[in-house]
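The values are calculated or read from the model by the stated rules, or taken from the named source; none is laboratory data. Keep in mind that this is a model prediction, so the values were computed, not measured. Positions of Cβ are generated from backbone atoms using ideal geometry, with glycine treated the same way; all protein chains shown enter the neighbour counts. Just so you know, the surface numbers come from the protein's heavy atoms only, side chains and all, with ligands and any DNA or RNA stripped out. Shrake-Rupley method; radii C 1.70, N 1.55, O 1.52, S 1.80 Å.
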Amino acid sequence: MSDCADMSSYMSRCHSCRVESGCFMVFDRPNYMGNQYFFRRGEYADYMSMMGWRDCIRSCRMIPMYRGSYRMRIYERENFGGMMHECMDDCDNFMDRYRMSDCMSCHVMDGHWLMYEQPHYRGRMMYMRPGEYRSFREMGYGGMRFMSMRRIMDSWY
């Protein structure tokens with residue numbers, strides 16, 4: 001029903017789950033670290049093979065319901081450098097829309113977003129809530145290039 005930084009305090013392993021309401025990000029490491037996956041209402045009996053994880057759910061973060069406007073600035077370089085674009089809707093390919101080959105920092109002003117490493121909302125993802133993200137590399141995503149993003153909207157519930 002809320003965030004859980006370390007599932008091991010409840011159980012030693014978690015390989016399946018059911019989301020009865022709302023949306024969650026689940027992580028394969030404690031303290032909201034490691035690979036992330038978006039879960040909305042439904043059953044995830046065999047999520048490990050679906051996502052190719054070798055481990056189990058170690059932490060989860062509840063995504064609050066949000067009904068306002070969406071606004072994010074994406075930057076080509078770390079520390080809000082290089083080319084900047086302000087986004088208010090989904091973007092299935094940064095390169096096609098903005099002619100941007102890299103996105104290395106962002107500032108989320110409004111709403112909750114998912115960023116994906118590949119165009120068309122594929123590959124590994126990262127949950128972005130309102131705040132400044134100065135360096136994806138320093139956050140542990142140095143090997144990833146984010147190429148698409150999607151708003152987390154209440155219609156997904």
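Being surrounded by fewer than 16 Cβ atoms within 10 Å (Cβ to Cβ) and assigned to a strand (DSSP E or B) holds for only one residue in Met62, Met72, and it is Met62. Comparison of Cys23, Cys91, Cys56, Cys103 shows that the only residue that is in contact with a Cys (Cβ under 7 Å, 6 or more places away or on another chain) and not aromatic (Phe, Trp, Tyr) is Cys56. When each of Arg134, Arg97, Arg124, Arg77 is tested for being among the basic types (Lys, Arg) and in contact (Cβ under 8 Å) with a residue 60 or more places away in the chain, the lone residue that passes is Arg124. The number of residues in segment 94-116 that are part of a helix (DSSP H, G or I) and basic (Lys, Arg) comes to 1.
I'd like the full set of residues that are in a loop (DSSP other than H, G, I, E, B) and without any contact (Cβ under 8 Å) to a residue 60 or more places away in the chain, limited to segment 1-15.
Correct list: Asp3, Ala5, Asp6, Tyr10, Met11, Ser12, Arg13, Cys14, His15.
Residues that are within 20 Å of His112 (Cβ to Cβ) and surrounded by 10 or more Cβ atoms within 10 Å (Cβ to Cβ) within segment 18-32 comprise Val19, Gly22, Cys23, Phe24, Met25, Val26, Phe27, Asn31, Tyr32, listed in sequence order. Would segment 45-56 turn up any residue that is over 21 Å from Ser148 (Cβ atoms), under 16 Å from the mean Cα position of the chain (by Cα) and open to solvent by 50 Å² or more (accessible area, probe 1.4 Å)? No: segment 45-56 contains no residue that is over 21 Å from Ser148 (Cβ atoms), under 16 Å from the mean Cα position of the chain (by Cα) and open to solvent by 50 Å² or more (accessible area, probe 1.4 Å). Among residues of segment 82-120 being farther than 23 Å from Met153 by Cα and open to solvent by 40 Å² or more (accessible area, probe 1.4 Å), the one that is modelled with the lowest pLDDT is Ser101. Of all residues in segment 33-44, exactly one satisfies the criterion of being buried (at least 18 other Cβ atoms within 10 Å of the Cβ) and hydrophobic (A, V, I, L, M, F, W, C), namely Phe39. For the condition over 15 Å from Arg150 (Cα atoms), open to solvent by 30 Å² or more (accessible area, probe 1.4 Å) and at pLDDT 90 or above, Arg13 does not qualify.
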